[in-house]
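Read through the structure below, which is laid out as structure tokens, and then see the notes.
The values are calculated or read from the model by the stated rules, or taken from the named source; none is laboratory data. Source: prediction; values computed, not measured. Don't worry about glycine lacking a Cβ; one is built from the backbone with ideal geometry, like all the others, and counts go over all protein chains shown. Just so you know, the surface numbers come from the protein's heavy atoms only, side chains and all, with ligands and any DNA or RNA stripped out. Shrake-Rupley method; radii C 1.70, N 1.55, O 1.52, S 1.80 Å.
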Amino acid sequence: MRLPIKPLILLGFLLVSSLAYGVDAEGLMNTGNRHYEQGEFELAIQSYESLLIADVVSTALHYNLGCAYFNQKSYGKAILQFEKARQLSPRDPDILHNLEFSKLFLKDRFNLPEPMPLVAWAAKLRQSVSMAELQILELTFFILLIMGIVSYRLLRGRSKGSTIFGATLATGLLFLIIGGWLIDRTLSLKEKHAVVLAEEAQVSSAPIPGSSTLFVIHEGTSGEILDATDTWYEIRLVDGKTGWIKNEAVGIY
């Protein structure tokens with residue numbers, strides 16, 4: 001199955017990167033898309049990767065690169081790029097679908113109990129809004145809060161004063177909620193995850209050569225990074241297992 005790519009969307013990130021690094025972002029993106037449509041996935045990957053090297057940030061770039069890797073059956077690299085795209089556009093249905101679809105090809109399976117509906121809903125909601133959207137919401141409610149306070153002081157004692165007071169209180173409450181959400185998202189972005197890119201990787205008991213192997217995981221399996229050294233990451237899988245893995249075997253998002 002060939003996953004559909006996204007057309008080029010010129011974002012500020014693309015323009016800034018083009019100016020800063022002398023990179024023809026639009027040209028490289030179009031070249032990559034053309035190679036992809038012609039089934040030349042390796043050439044498409046080269047064009048997309050050139051943009052990543054230039055620190056270009058774009059949802060479409062990570063998504064299209066993920067699609068190209070998927071068609072090369074490099075499921076670990078595909079999942080890594082879809083995860084990076086999801087961080088930028090957490091509600092994009094194509095990204096979410098392709099991410100879950102790619103995971104169907106993984107060797108490792110984790111039989112976990114179904115979470116309570118409320119817990120599952122809260123976890124989904126927590127990641128449903130991007131950092132940029134939360135920042136815009138926080139700024140918007142801050143401006144509305146200031147306007148409400150000023151309006152109430154001007155109209156206090158008049159018929160509309162109580163209405164404005166109630167609206168200002170509600171705006172202030174929403175401002176605090178979004179602020180807490182923004183802090184939570186900021187902290188969550190500091191949490192790093194590793195995706196296995198090698199066909200197979202050993203997870204060891206300690207970050208030293210020759211340490212005992214606890215278990216083996218395969219391409220595409222991901223885990224939260226708990227600690228790191230120069231050449232090792234300590235990871236925790238979704239089933240709670242922990243251990244150390246060579247950093248050369250994984251990609252980070």
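Assuming P209 fulfils every condition listed in (1) under 27 Å from Q72 (Cα atoms); (2) open to solvent by 40 Å² or more (accessible area, probe 1.4 Å); (3) assigned to a loop (DSSP other than H, G, I, E, B) apart from one, which condition is it?
(1)
Which of the residues spanning segment 89-101 are of a type outside the set (V, I, T) and part of a helix (DSSP H, G or I)? Full working, then the answer.
Step one: list which residues in segment 89-101 are of a type outside the set (V, I, T), which gives 89-94, 96-101.
If the condition is that a residue be of a type outside the set (V, I, T) and part of a helix (DSSP H, G or I), then P93, D94, L96, H97, N98, L99, E100, F101 are the ones that fit.
Given the criterion open to solvent by less than 10 Å² (accessible area, probe 1.4 Å) and either modelled with pLDDT under 95 or closer than 24 Å to S130 by Cβ (or both), identify the matching residue among Y36, Y69, Y48. Spell out the reasoning first.
Details: Y36 fails: either modelled with pLDDT under 95 or closer than 24 Å to S130 by Cβ (or both); Y69 fails: open to solvent by less than 10 Å² (accessible area, probe 1.4 Å).
When all the criteria are applied, what remains is Y48.
Given the structure, is K160 among the basic types (K, R) and within 14 Å of G251 (Cα to Cα)? Reasoning before the result, please.
Values: among the basic types (K, R): yes; within 14 Å of G251 (Cα to Cα): no.
No; evaluated as a whole, the condition is false for this residue.
Could we say that L43 is touching a residue at least 24 places away in the same chain (Cβ under 8 Å) and in a helix (DSSP H, G or I) here?
On the way: touching a residue at least 24 places away in the same chain (Cβ under 8 Å): no; in a helix (DSSP H, G or I): yes.
Against the criterion (touching a residue at least 24 places away in the same chain (Cβ under 8 Å) and in a helix (DSSP H, G or I)), L43 does not qualify.
Scan segment 102-131 for residues that are free of Cβ contacts under 8 Å to residues at least 24 places away in the same chain, surrounded by 10 or more Cβ atoms within 10 Å (Cβ to Cβ) and not in a loop (DSSP other than H, G, I, E, B) and jot them down.
Matches in segment 102-131: V119, A120, W121, A122, A123, K124, L125.
Among the charged types (D, E, K, R), free of Cβ contacts under 8 Å to residues at least 60 places away in the same chain and either in a loop (DSSP other than H, G, I, E, B) or closer than 30 Å to I53 by Cα (or both), is that true of R86? First the steps, then the outcome.
Values: among the charged types (D, E, K, R): yes; free of Cβ contacts under 8 Å to residues at least 60 places away in the same chain: yes; either in a loop (DSSP other than H, G, I, E, B) or closer than 30 Å to I53 by Cα (or both): yes.
Against the criterion (among the charged types (D, E, K, R), free of Cβ contacts under 8 Å to residues at least 60 places away in the same chain and either in a loop (DSSP other than H, G, I, E, B) or closer than 30 Å to I53 by Cα (or both)), R86 qualifies.
So is G27 without any contact (Cβ under 8 Å) to a residue 12 or more places away in the chain and either touching a Ser or Thr at 6+ places or on another chain (Cβ under 8 Å) or part of a helix (DSSP H, G or I) (or both) or not? If you could, list the steps in order and put the result at the bottom.
Details: without any contact (Cβ under 8 Å) to a residue 12 or more places away in the chain: yes; either touching a Ser or Thr at 6+ places or on another chain (Cβ under 8 Å) or part of a helix (DSSP H, G or I) (or both): yes.
Against the criterion (without any contact (Cβ under 8 Å) to a residue 12 or more places away in the chain and either touching a Ser or Thr at 6+ places or on another chain (Cβ under 8 Å) or part of a helix (DSSP H, G or I) (or both)), G27 qualifies.
Collect the residues in segment 185-206 that are open to solvent by less than 20 Å² (accessible area, probe 1.4 Å) and of a type in the set (G, A, S), keeping them in residue-number order.
If the condition is that a residue be open to solvent by less than 20 Å² (accessible area, probe 1.4 Å) and of a type in the set (G, A, S), then S188, A194, A201, S204 are the ones that fit.
Show the residue pairs meeting these rules: Cβ distance below 8 Å; 6+ apart or different chains; first residue within segment 227-253 and open to solvent by 70 Å² or more (accessible area, probe 1.4 Å); second residue β-branched (V, I, T) and at pLDDT 95 or above.
Short answer, once both residue conditions are applied: R236/T242; K241/V203; K246/T231; E248/T231.
I'm checking my understanding of the structure. Among residues of segment 216-226 that are over 17 Å from the mean Cα position of the chain (by Cα) and either within 23 Å of L99 (Cα to Cα) or in contact (Cβ under 8 Å) with a residue 24 or more places away in the chain (or both), which one is least open to solvent (accessible area, probe 1.4 Å)?
First, the residues of segment 216-226 that are over 17 Å from the mean Cα position of the chain (by Cα): 216-219, 226.
Then drop every residue that is not either within 23 Å of L99 (Cα to Cα) or in contact (Cβ under 8 Å) with a residue 24 or more places away in the chain (or both), which leaves 216-219.
Numbers: V216: 58, I217: 5, H218: 38, E219: 46 Å².
Looking at residues that are over 17 Å from the mean Cα position of the chain (by Cα) and either within 23 Å of L99 (Cα to Cα) or in contact (Cβ under 8 Å) with a residue 24 or more places away in the chain (or both), I get I217.
For S18, which of the numbered conditions (1) modelled with pLDDT under 90; (2) of a type in the set (G, A, S); (3) surrounded by fewer than 15 Cβ atoms within 10 Å (Cβ to Cβ) fails to hold?
(3)
Quick one: in segment 132-162, of everything that is among the hydroxyl-bearing types (S, T, Y) and either surrounded by 12 or more Cβ atoms within 10 Å (Cβ to Cβ) or under 30 Å from S188 (Cβ atoms) (or both), which residue is nearest to the chain's Cα centre (by Cα)? Let's see the steps before the verdict.
Here is the first cut: in segment 132-162, the ones among the hydroxyl-bearing types (S, T, Y) are 140, 151-152, 159, 162.
Those still in the list that are either surrounded by 12 or more Cβ atoms within 10 Å (Cβ to Cβ) or under 30 Å from S188 (Cβ atoms) (or both) too: 140, 151-152, 162.
Details: T140: 24, S151: 40, Y152: 41, S162: 43 Å.
It comes out as T140.
Which residue, of L28, L43, is farther than 30 Å from L134 by Cβ, at pLDDT below 95 and touching a helix residue (DSSP H, G or I) at 6+ places or on another chain (Cβ under 6 Å)? Quick ask: steps written out before the conclusion?
Working: L43 fails: at pLDDT below 95.
That would be L28, the only listed residue that is farther than 30 Å from L134 by Cβ, at pLDDT below 95 and touching a helix residue (DSSP H, G or I) at 6+ places or on another chain (Cβ under 6 Å).
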